[in-house]
Amino acid sequence: MRPPAGQVLHFSEDPHIARFEPHVAATAREPEPYVWAVDAGQAPSYWFPRDCPRVLAWTGPDTTDADRRLLSAGRMHAVEYAWLHRMQTTRLYAYRFDAGPFRPMGTPRPHAMVATEPVTPLGPPEPVGDLLALHEDAGIELRLVPDLWSLCDAIVASSLQFSGIRLRNADARS
């Protein structure tokens, strides 16, 4: 589930949103109100239940050969075992938008697209389907781990590129 050129997606467990209004999310680091979306490259980062803590890693131009061997594919997503059932049962929907009102957010590499005006989806939300199958079909390694923090620390110390999403929901560091 990725948007074609000229479109962006917003993933949600709520299939009843008719219009998206810019707002400041409770967890936002940015003080401005936005409507958040993602492009095709960032879409896999959101093939999860909304509150699921996850660590994402992928190879980049500066990744060492030793660190490449840490991944069985070019990209890896990891979640705690406790989230497996929700990964299997959550009904996730994708809202499609024209990319025109959106601009990239984040430097040096944008991690999202944001709009500062209300936006209306191009059509009804589309069921995303089996979240595990999406990862498999995209060739993304999906790891289940007992301790997300140990893996996160190892990835941060490596030459892999990475992201952590909703880590405040992860089990406490041991």
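Summary table below
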quantity	calculated
Cβ-based exposure ranking for F48, F162, in which fewest neighbours within 10 Å come first	F162, F48
Most mobile of T59, T107, T89 in a GNM of the chain (Cα contacts under 10 Å)	T107
Assigned charges on the beta-carbon of Lys, Arg, Asp, Glu; the chain dipole about Cα centre (debye)	80 debye
Within segment 7-167, percent of DSSP bridges classed antiparallel, to nearest 5	85 percent
Quotient of C-alpha Rg and 2.2 N^0.38 Å, computed over segment 51-99	1.57
CD proxy at 222 nm, helix term only [per DSSP H run n ≥ 4: -39500 (n - 2.57); per residue of the chain; nearest 500]	-4000 deg cm²/dmol
Where only C-alpha atoms are counted, convex hull volume of the chain per residue in Å³	125 Å³
Among M105, M76, M113, residue whose mean-square fluctuation peaks in a GNM of the chain (springs only between Cα atoms under 10 Å)	M105
Net charge over other residues, Cβ less than 12 angstrom from the Cβ of T27 (K, R count +1; D, E count -1)	+2
Gaussian network model of the chain, Cα within-10 Å springs - most flexible of P127, P104, P31	P31
Rounded to the nearest 20 debye, dipole of segment 1-51 from Cβ charges on Lys, Arg, Asp, Glu	140 debye
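All of the numbers you see were taken from the coordinates with simple rules; none came from a lab. Being a predicted model, the structure only gives us computed values, none of them experimental. Don't worry about glycine lacking a Cβ; one is built from the backbone with ideal geometry, like all the others, and counts go over all protein chains shown.
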